[in-house]
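Each reported figure results from applying straightforward, stated rules to the coordinates on display, with no laboratory input. Note that this is a predicted model, so its numbers are computed, not measured. Counting neighbours? That spans all protein chains shown, and the Cβs are built from the backbone with ideal geometry, glycine included.
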Amino acid sequence: MRKYVVLAALVLGMPACGLLGNECGRANPATYYDVQGIEAFVTRQPMDQPWATVAPSGIVASRELRLRVGLKERHYSVVPVQGFMSVAYACSPVPAGSLGSAERMDSLSITSLYNYDALHPAGTPLTDLLGVDGRPQFPAPSRRNPLEPFRYAEISLLSPPVTTGPQQFRVYYRQTNGEVYTTQTAAVTVVR
């Protein structure tokens, strides 16, 4: 009889603990993200001023030309399940990084749909001409050396195109889990 009383207390009492608040003891559960896509814009950034997006078919000076690349993300977190028997099934320990942040970037390529200069005809990677967030070096992820995904990056071109004319950029982004995302900017006119 004593076993049945203890069993009844556990079966009825444990779910009732969920009514007392956050049964996992986590006031702010950790959030994770999953990459859903990528977006890119041509921007201009005059000296000592904030950047602004260049409209499609717009004109931008080559010294102000920037590319703004960002990830489209889906955010989620480990949240206790509310309702009947919530304590019995919620709050299983989850190792950090296993819900979306484990994704790594193993390929990132930016090309122009137009001829950029003699060494970079249309479709050739512009990697050697790119700097990221003020650094004159572009990250080179690979399958052997995958990198942490960036949330967004401001990419500058270290040398201008040879001639004034249209430019449109394509971004290719691949992760170690096999997901591939591509996007391209609107066409703009770059003046020297």
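Residues in the stretch 99-138 that are touching a Leu at 6+ places or on another chain (Cβ under 9 Å), farther than 21 Å from Arg192 by Cα and touching a residue at least 60 places away in the same chain (Cβ under 8 Å): Arg104, Met105, Asp106, Leu108, Ser109. For beta carbons closer than 6 Å, sequence separation of 6+ or different chains, a first residue in the stretch 181-192 that is within 14 Å of Ile59 (Cα to Cα) and a second that is of a type in the set (D, E, K, R) and surrounded by fewer than 17 Cβ atoms within 10 Å (Cβ to Cβ), there are no qualifying pairs. Please go through the stretch 134-177 and give me each residue that is within 15 Å of the chain's Cα centre (by Cα) and assigned to a loop (DSSP other than H, G, I, E, B), ordered by number. Passing the criteria: Pro139, Pro141, Pro146, Glu148, Pro149, Phe150, Arg151, Thr176, Asn177.
Across the stretch 115-133, the number of residues qualifying as of a type in the set (A, V, I, L, M), assigned to a loop (DSSP other than H, G, I, E, B) and under 23 Å from Gly70 (Cβ atoms) comes to 1.
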